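There's a structure below that I have some questions on.
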């Protein structure tokens, strides 16, 4: 990320914090006229902080269950207390990168304060009605989408339209609908009684169980897909190695006999034919050698750790001429964390180049390709290559990493096959995840400490 973009993204957070303070000051008169039950406020703070640990991963990003507590708090609490509940979501993000650690609680607090203030203005001195509750939820959901889209756009340089297209997908919007229904139910259950808190806690537990089940099914699908890819790649690799081995032996015999022919004794026509045969046989041996290395690449690890940020940035520079022909924008999001890995830099550059070239080819004219590096929760460094093309059709997904399979008119179908083999030789994983909104290829490396 460029220094200018970094300064701009933190300036956005500073502006958001100032706006939050000003908003609470403006609404202070309404806040003091409606003090909240301390037990209720503490309950929501602990519930929001606890539910932040629970989430489900979508195509891009992750949604936590904290919205169930946050949005119910926006209905029941005054703006200041709702702000405190929103800030409590930062407790669970202590190990996240600095920008996320600041952005998530600030955005949550701002949306809750706006929604709680809107709720007070709508209801006035009357009791809470279902119309008022739904209005608050509509405000908090809309404000959340706007603030998140604006923050990501400033942070990454991606247009708000592209962010909405790739992030606010059907599963994302369904999750938002689930949050609206769940928080509406919780707002009715919490009535100050012990039974209300117990019932609300049961709803949170059931939501946790449901999310865990959904996440577990998704993980199983991913693992089954990865296992299938690995099995098919191993099968094709073994087949290629066997064929190459036999052909190399036969070609070596042919080359040996051709070299024994004394071309000086031949007439010009026969001499030229033998020389042509020698060249053709030598080329065949070279091609077979290349195929053998492609089937099972030999990794030569660099003596020093390899920085994924540097690899991705260099690959971006190399891909610019190809991207210009389609006016495709290439954006890089470098991780501020240590993303050094044990790798063969030459082979990994080949993998990244293959993935970027495929992404550029898949993206439409004036499209976008995004490169991102980072570390997973278990410490494994990774990088992703994302395009905004049409994705891979379901009937083609099964053949994605097979040799000679391609949907390109002039493609060879060896790029992904060889890339998969190279990543596996590094003890890593190359996975595909996408939809009709685009393709996402992810390379994950084993956790490594120099």
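The values are calculated or read from the model by the stated rules, or taken from the named source; none is laboratory data. The structure displayed is predicted, hence computed values, not measured ones. A quick note on method: Cβ atoms are made from the backbone with ideal geometry, for glycine too, and the neighbour counts reach across all protein chains shown.
All but one of (1) crowded, with 17+ Cβ neighbours inside 10 Å; (2) farther than 17 Å from residue 416 by Cα; (3) at pLDDT below 85 hold for residue 370; state the number of the condition that does not hold.
It is condition (3) that residue 370 fails.
Of the conditions (1) farther than 24 Å from residue 375 by Cβ; (2) in contact with a helix residue (DSSP H, G or I) (Cβ under 6 Å, 6 or more places away or on another chain); (3) modelled with pLDDT of 85 or more, residue 146 satisfies every one except a single condition; which number is it?
Answer for residue 146: the failing condition is (2).
OK, next. Residues that are modelled with pLDDT of 80 or more and in contact with a strand residue (DSSP E or B) (Cβ under 8 Å, 6 or more places away or on another chain): does segment 33-51 have at least one?
yes
Oh, and also: Just the residues that are in contact (Cβ under 8 Å) with a residue 60 or more places away in the chain and either over 29 Å from residue 6 (Cα atoms) or outside the structural domain of residue 72 (by TED's automatic domain parsing) (or both), please, taken from segment 157-175.
Residues satisfying the conditions are 171, 175.
Same structure again: I'd like to check something: does segment 133-152 contain any residue that is farther than 22 Å from residue 112 by Cβ and part of a helix (DSSP H, G or I)?
The answer is no, given that none of the residues of segment 133-152 is farther than 22 Å from residue 112 by Cβ and part of a helix (DSSP H, G or I).
I'd like to verify a number: residues in segment 351-361 that are over 16 Å from residue 444 (Cβ atoms) and touching a helix residue (DSSP H, G or I) at 6+ places or on another chain (Cβ under 7 Å), how many?
Count: 6.
Next question, about the same structure. Which of the residues belonging to segment 376-428 are surrounded by fewer than 18 Cβ atoms within 10 Å (Cβ to Cβ), at pLDDT 75 or above and under 24 Å from residue 346 (Cβ atoms)?
Selection gives 380, 425, 427.
From the list 302, 315, pick out the single residue that is modelled with pLDDT of 80 or more and outside any helix (DSSP H, G or I).
The unique qualifying residue is 302.
Next up: Write out, first by first residue and then by second, each pair whose Cβ atoms fall under 6 Å of each other, whose residues are 6+ apart or on separate chains, and whose first residue, in segment 110-130, is more than 18 Å from residue 145 (Cβ to Cβ) while the second is at pLDDT below 80 and buried (at least 18 other Cβ atoms within 10 Å of the Cβ).
none
Okay, moving on. Filter segment 277-299 for residues that are out of contact with any helix residue (DSSP H, G or I) (no Cβ under 7 Å at 6 or more places or on another chain) and closer than 29 Å to residue 447 by Cα; which is modelled with the highest pLDDT?
298
Kindly list the number of the only condition in (1) surrounded by fewer than 18 Cβ atoms within 10 Å (Cβ to Cβ); (2) touching a residue at least 24 places away in the same chain (Cβ under 8 Å); (3) touching a helix residue (DSSP H, G or I) at 6+ places or on another chain (Cβ under 8 Å); (4) part of a helix (DSSP H, G or I) that fails for residue 196.
Of (1) surrounded by fewer than 18 Cβ atoms within 10 Å (Cβ to Cβ); (2) touching a residue at least 24 places away in the same chain (Cβ under 8 Å); (3) touching a helix residue (DSSP H, G or I) at 6+ places or on another chain (Cβ under 8 Å); (4) part of a helix (DSSP H, G or I), only one is false for residue 196: (2).
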